[in-house]
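K.L.:
To start, I am sharing the structure in question, which I have written as structure tokens.
The values are calculated or read from the model by the stated rules, or taken from the named source; none is laboratory data. Only a predicted model underlies this, so the values are computations on that prediction, with no experimental measurement involved. For neighbour counting, all protein chains shown are included, and Cβ atoms are generated from backbone atoms with ideal geometry for every residue, glycine included. Just so you know, the surface numbers come from the protein's heavy atoms only, side chains and all, with ligands and any DNA or RNA stripped out. Shrake-Rupley method; radii C 1.70, N 1.55, O 1.52, S 1.80 Å.
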Amino acid sequence: MNDEKQAPRRVDFKNEGVHWDLGTSQSYGEYLQLDKLLDAQKPNSIEQDEMLFIIVHQVSELWMRLVLHELTNVMECVRRDNLDPSFKMLARISRVQEELLGAWSVLSTLTPFEYSSFRNTLGRSSGFQSLQYRLLEFTLGNKNRDVIAVHKARDPAGYERLERALHAPSLYDEVLRVLSRRGYGIPEELIERDFAEPYEPSKAVTAAWLGVYHNAEKDWDLYEMAERLVDLDQKFQLWRFHHLKTVERVIGYKPGTGGTGGVSYLAKALELKFFPELWQVRTSM
């Protein structure tokens, strides 16, 4: 006879105190509104692989929503010159960016043949039209008034939201104001400027960041902020690169559904940096 204890065939809930009757409490599905969330996948074709395409993009939009939520609170901390609480939020954003990077890995399982089987049903819809992506770029400092025109006719409320973000100070603008308040000699024309215009790198700002690195013990929070921003910028650049390589893998050098050149357009963005002086100062240290 085999004396070894037999593995249980099922989980015993006898002493678990499970709430089988929820009473007046909302359920898990109700709290997360899963009826709406899981009913939001509406393929245009009968192709199996279109579901993958839709879900990857929807999940990415949800992660971007969380990043924007966290950045709103980071900005508030920076405006109050209370940087310490923002570091936890920026650390969380960094983890979310890793999830966004992973989305390209999943999407790259789509072969050119599989994507072409439903691509024409997308019409002119494209990630180029992502409202949240543009808000994210504007919030971080990549201002380009041209890109919001695509929203004007179809999404007036979204267009107005982008207009406000375009003219508002970016995260970097607010950080430079902190540097100025701490006596790091930021030129006045950078503190009060037309925030809808692209930011132009300044030697004075590079010198200010060099001062922060040299005075890390005195201004540790500024030193920490500098490194958090570099991390955010680097991961954003990696996201752009993975985007380009995924597009190249799936559609080659065909134009994008939104009208851009596809890979050629994405390549233009690879050298963009939100916080340019934080990269330049590394050569001076």
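K.L.:
When both residues are 6+ apart or on different chains and their Cβ atoms are under 9 Å apart, which pairs have a first residue that lies in the stretch 29-48 and is acidic (Asp, Glu), and a second that is not in a helix (DSSP H, G or I)?
P.N.:
Taking only residues 6 or more apart or on different chains, the pairs are Glu47/Ser117; Glu47/Phe118.
K.L.:
Which of the helices (runs of 4 or more DSSP H) contained wholly in the stretch 28-114 include at least 2 residues that are within 30 Å of Trp220 (Cβ to Cβ), open to solvent by 60 Å² or more (accessible area, probe 1.4 Å) and not small (Gly, Ala, Ser)? Before you say what the answer is, go through the steps one by one.
P.N.:
On the way: elements: 28-31, 34-37, 50-79, 84-107.
The helices (runs of 4 or more DSSP H) meeting that bar are 50-79, 84-107.
K.L.:
Working only within the stretch 107-136, note down all residues that are touching a Phe, Trp or Tyr at 6+ places or on another chain (Cβ under 8 Å) and more than 13 Å from Gly259 (Cα to Cα).
P.N.:
Answer for the stretch 107-136, where residues must be touching a Phe, Trp or Tyr at 6+ places or on another chain (Cβ under 8 Å) and more than 13 Å from Gly259 (Cα to Cα): Leu107, Leu110, Tyr115, Phe118.
K.L.:
Provide a single number: the residues in the stretch 123-138 that are assigned to a helix (DSSP H, G or I), among the charged types (D, E, K, R) and either out of contact with any Lys or Arg (no Cβ under 9 Å at 6 or more places or on another chain) or more than 11 Å from Leu68 (Cα to Cα) (or both). Steps first, please.
P.N.:
As a first pass, look at the stretch 123-138 and keep what is assigned to a helix (DSSP H, G or I): 127-129, 131-138.
Add one more test, that the residue is among the charged types (D, E, K, R), and what stays is 134, 137.
Checking which are either out of contact with any Lys or Arg (no Cβ under 9 Å at 6 or more places or on another chain) or more than 11 Å from Leu68 (Cα to Cα) (or both) leaves us with 134.
Qualifying residue count, the stretch 123-138: 1.
K.L.:
Quick one: Arg177 ticks every box in (1) farther than 20 Å from Asp81 by Cα; (2) modelled with pLDDT of 95 or more except a single one, so which number is it?
P.N.:
Here Arg177 meets the rest and fails (1).
K.L.:
Looking only at the stretch 118-157, filter to residues that are farther than 19 Å from Glu197 by Cα and among the basic types (Lys, Arg); which one of those is surrounded by the fewest Cβ atoms within 10 Å (Cβ to Cβ)?
P.N.:
Arg154
K.L.:
State whether the residues of the stretch 235-256 include one that is open to solvent by less than 50 Å² (accessible area, probe 1.4 Å), in contact with a helix residue (DSSP H, G or I) (Cβ under 9 Å, 6 or more places away or on another chain) and not in a helix (DSSP H, G or I).
P.N.:
Taking every residue of the stretch 235-256 in turn, at least one turns out to be open to solvent by less than 50 Å² (accessible area, probe 1.4 Å), in contact with a helix residue (DSSP H, G or I) (Cβ under 9 Å, 6 or more places away or on another chain) and not in a helix (DSSP H, G or I).
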